[in-house]
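Presented below is the structure to which this report refers.
The values are calculated or read from the model by the stated rules, or taken from the named source; none is laboratory data. Worth saying up front: this structure is predicted, and the values here are computed from it rather than measured. We place every Cβ from the backbone using ideal geometry, glycine too, and count neighbours over all the protein chains shown. The area values use the complete protein model at the heavy-atom level, side chains included, leaving out ligands, DNA and RNA. Shrake-Rupley method; radii C 1.70, N 1.55, O 1.52, S 1.80 Å.
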Amino acid sequence: MRGDAVKLAYHCSHEQFSASDLLALVRRAEAAGFDAATCSDHFHPWSERQGHGGHAWTWLGAALQATSFGFGVVTAPGQRYHPAVLAQAAATLLGLFPGRFWLAVGSGERLNEGITGDPWPAKDERDARLRECADVMRALWAGETVTHRGRVRVEAAKLYPRPRERPRLFGAAVTAKTARWLGSWADGLITIAQPDQAHARVIEAFRAGGGAGKPVHLKVQLAYARDDAAALRGAWEQWRTNVFASDVLAELRTPAEFEAAAAFVRPEDMQGPVRVAADPARHVEWLGRDAELGVDLVSLHHVGDEQERFIDDFGARVLPQLRA
């Protein structure tokens with residue numbers, strides 16, 4: 001097991017908690033021994049029960065100031081965000097907090113990007129747009145004056161000043177096909193844990209596609225509580241709208257549509273998409289298997305409400321075991 005090499009991050013879910021609550025939680029996570037933090041970048045939550053949608057980029061400045069470890073965010077350039085504006089935001093954060101910020105880019109979900117009212121492209125078009133956006137952002141970080149007329153348009157844009165370090169641009173993938181494509185151009189991969197270690201095939205595809213030697217981050221959805229029944233109940237209450245295939249998650253338009261799609265999801269259906277266990281030793285076992293895949297960072301997202309219990313118990317009983 002490569003537990004001594006793997007860093008463990010606390011995931012901040014802007015869909016589930018207010019910005020002020022997340023600020024307190026991420027400070028608690030650093031004090032408990034987590035190595036880093038990650039956060040989501042949504043406009044809408046997945047359901048009315050989650051009920052939040054804070055602006056990730058506004059919050060990141062406050063969170064980086066309030067802590068001393070590294071942060072990452074997964075975002076979607078090309079529709080809700082112009083790539084030049086994202087490039088500017090990333091350069092600014094790294095200017096303020098050198099070496100502490102990275103970002104991952106993906107093709108997005110209609111739930112968030114659809115607010116612009118622009119047509120929602122098919123997946124191949126979204127991927128092509130994503131690659132254009134990545135090229136634009138990198139050119140801006142390199143100090144170039146960028147004019148680009150394609151799926152996105154940029155006119156005579158230049159960043160002032162040129163960032164002292166080029167941000168690491170990870171690619172986000174759920175399928176092996178997307179991961180293989182990302183391997184040819186992304187600086188690293190971020191993917192999600194899947195039942196039966198299916199994420200191992202995604203990681204292998206990324207490395208086979210050109211990503212060998214590049215860092216890999218894994219996001220794990222888990223549910224932890226005082227007993228297994230409470231953990232399962234918390235997962236079902238908060239996360240049952242998120243258990244569908246990636247192509248479904250990308251196409252639904254509103255929280256109400258996600259609620260309707262999840263109407264027949266049973267509590268027992270959460271087992272697999274979410275790692276449900278009240279025993280910290282079970283989570284150590286799962287994370288140890290992840291470490292054996294050679295991942296560099298695992299971001300732990302407890303999908304239930306009791307975040308303080310999760311942070312404190314994992315800080316005391318899970319993180320030390322993985323580092324032992």
Scanning the stretch 232-241 residue by residue, the ones that are in contact with a helix residue (DSSP H, G or I) (Cβ under 8 Å, 6 or more places away or on another chain) and open to solvent by 20 Å² or more (accessible area, probe 1.4 Å) total 4
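Quick grid of which residues meet (1) closer than 20 Å to VAL303 by Cβ; (2) in contact with a helix residue (DSSP H, G or I) (Cβ under 9 Å, 6 or more places away or on another chain):
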residue	(1), (2)
ARG180	no, yes
ALA186	no, yes
PRO195	yes, no
ARG207	no, yes
GLY213	no, yes
VAL216	no, yes
LYS219	yes, no
ARG226	yes, yes
Just give me the residues in the stretch 267-278 being assigned to a loop (DSSP other than H, G, I, E, B) and either surrounded by 15 or more Cβ atoms within 10 Å (Cβ to Cβ) or in contact with a Phe, Trp or Tyr (Cβ under 8 Å, 6 or more places away or on another chain) (or both), in sequence order.
-> PRO273, ALA277, ALA278
First in the stretch 203-215 and surrounded by fewer than 16 Cβ atoms within 10 Å (Cβ to Cβ), second anywhere and not in a helix (DSSP H, G or I), Cβ under 7 Å, 6 or more apart | GLY210/SER184
Output for Cβ contacts, cut-off 6 Å, separation at least six or different chains, first residue open to solvent by 30 Å² or more (accessible area, probe 1.4 Å) in the stretch 46-57, second modelled with pLDDT of 95 or more and among the hydroxyl-bearing types (Ser, Thr, Tyr), reads HIS52/SER18
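In the stretch 17-36, is there at least one residue being in a loop (DSSP other than H, G, I, E, B), buried (at least 21 other Cβ atoms within 10 Å of the Cβ) and without any contact (Cβ under 8 Å) to a residue 60 or more places away in the chain? So that I can check it myself, show each step before the final result.
Step one: of the stretch 17-36, the residues in a loop (DSSP other than H, G, I, E, B) are 17-18, 33-35.
The next check asks that each one be buried (at least 21 other Cβ atoms within 10 Å of the Cβ); those that pass are 34.
Applying the additional criterion that residues be without any contact (Cβ under 8 Å) to a residue 60 or more places away in the chain yields none.
No, the stretch 17-36 has no match at all.
Of the residues GLU237, GLU285, GLU257, which single one is modelled with pLDDT of 95 or more and either in a loop (DSSP other than H, G, I, E, B) or over 30 Å from ALA179 (Cβ atoms) (or both)? Walk me through it before giving the result.
Values: GLU285 fails: either in a loop (DSSP other than H, G, I, E, B) or over 30 Å from ALA179 (Cβ atoms) (or both); GLU257 fails: either in a loop (DSSP other than H, G, I, E, B) or over 30 Å from ALA179 (Cβ atoms) (or both).
Criteria check complete, one pass: GLU237.
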If the Cβ limit is 7 Å and pairs must be 6+ apart or interchain, which residue in the stretch 1-16 that is at pLDDT below 95 pairs with which residue that is among the basic types (Lys, Arg) and open to solvent by 50 Å² or more (accessible area, probe 1.4 Å)?
-> GLY3/ARG323; ASP4/ARG323
Considering the stretch 79-96 alone, what residues qualify as being open to solvent by less than 20 Å² (accessible area, probe 1.4 Å) and either in a strand (DSSP E or B) or more than 17 Å from ALA142 (Cβ to Cβ) (or both)?
-> LEU93
So which residues in the stretch 287-302 are within 15 Å of GLN194 (Cβ to Cβ), surrounded by 18 or more Cβ atoms within 10 Å (Cβ to Cβ) and not aliphatic (A, V, I, L, M), if there are any at all?
-> ASP290, SER299, HIS301
Evaluate the following for ALA229: is it assigned to a helix (DSSP H, G or I), open to solvent by 40 Å² or more (accessible area, probe 1.4 Å) and of a type outside the set (D, E, K, R)?
-> yes
Conditions (1) over 22 Å from ILE190 (Cα atoms); (2) open to solvent by 30 Å² or more (accessible area, probe 1.4 Å); number of the one not met by ALA157 | (2)
